[in-house]
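Okay, so here's the structure we're looking at.
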Amino acid sequence: MFTQSYQNILVGIDGSDQAMEAFKKALAVAKRNQGTVYVANVIDHQMYTFMSYSPLNQNIMDQLAGDAKDLINDCKDFGKEFGYDKVEGIIAYGSAKEAMAKTLPEKYDIDLVMVGQSGLNAVERFMTGSVASYVIKEALCDVLIVHPSAK
């Protein structure tokens with residue numbers, strides 16, 4: 001019988017409830033498999049320009065990087081509370097779709113990508129397309145989509 005043991009799990013975090021739910025489930029999978037969760041925040045400067053913000057200056061980039069560090073530290077703190085601290089943080093720059101589907105899985109030897117169903121609002125989803133949809137089609141490894149739980 002074939003059993004899959006995921007050792008390197010990638011989760012995209014953007015501050016949304018969906019992303020946090022995906023992270024919590026990834027933590028449980030990693031704990032069962034003695035694996036590592038890689039939490040990634042991708043700063044997509046093209047999306048900000050596309051969404052009619054001015055081109056990103058250094059102050060805005062510093063703020064986004066600071067926010068990303070805070071999200072990563074929140075995840076690491078939650079992991080410790082959960083009793084599992086094999087959580088690594090990644091701040092990446094560029095296309096969130098490409099980073100989650102290809103670049104980061106290749107760089108970190110990822111064998112499972114877990115993503116929240118959608119961390120974007122309806123307008124952002126229309127403009128950029130769903131990261132989850134792209135990752136499902138293009139990922140270099142297995143993908144698990146975490147659907148929002150009923151509240």
Worksheet item: Pulled fully out, how much extra length does the chain show between Ser5 and Arg32, if you take 0.36 nm times their separation in residues and subtract their Cα-Cα distance?
Response: 8.8 nm
Item to complete: May I ask you to list the aspartates and glutamates whose Cα is less than 13 Å away from that of Lys24, ignoring any residue fewer than eight positions away on the same chain?
Response: Asp74, Asp77, Glu81, Asp85
Item to complete: Would you kindly derive the ³J(HN,Hα) couplings of the stretch 86-94 from the backbone phi angles with the Karplus curve 6.51 cos²θ - 1.76 cosθ + 1.60 (θ = phi - 60°), listing them in order in whole Hz, with x for Gly and Pro?
Response: 7, 10, 10, x, 9, 10, 10, 10, x
Item to complete: Read phi for every residue in the stretch 14-27 and hand back ³J(HN,Hα) as whole Hz from Karplus 6.51 cos²θ - 1.76 cosθ + 1.60, θ = phi - 60°, with x for Gly and Pro.
Response: 9, x, 7, 4, 4, 5, 5, 5, 4, 4, 4, 5, 5, 4
Worksheet item: Of the listed peptides 76-85, 8-17, 26-35, 93-102, what is their order by residue-averaged count of other C-beta atoms within 10 Å, with the highest listed first?
Response: 8-17, 93-102, 26-35, 76-85
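Cross-link list Lys31/Lys69; Lys31/Lys102; Lys80/Lys102: which exceed 27 angstrom alpha carbon to alpha carbon?
Numbers: Lys31/Lys69 23 Å; Lys31/Lys102 24 Å; Lys80/Lys102 29 Å.
Where the Cα-Cα span goes over 27 Å, the pairs concerned are Lys80/Lys102.
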Fill in: Hz values of 3J(HN,Hα) by residue in the stretch 131-139 - Karplus curve (6.51, -1.76, 1.60), Gly and Pro given as x
4, 4, 4, 5, 4, 4, 6, 10, 4
Worksheet item: What is the gain in length, in nm to one decimal, between Asp62 and Asp85 on full extension, counting 0.36 nm per residue of separation less the C-alpha to C-alpha distance?
Response: 5.6 nm
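Every number in this text was worked out from the coordinates using simple rules, so none of it is lab data. Note that the coordinates shown come from a computational prediction; the quantities given were computed from them, not determined experimentally. Neighbour counts run over all protein chains shown; Cβ positions are idealised from the backbone, glycine included.
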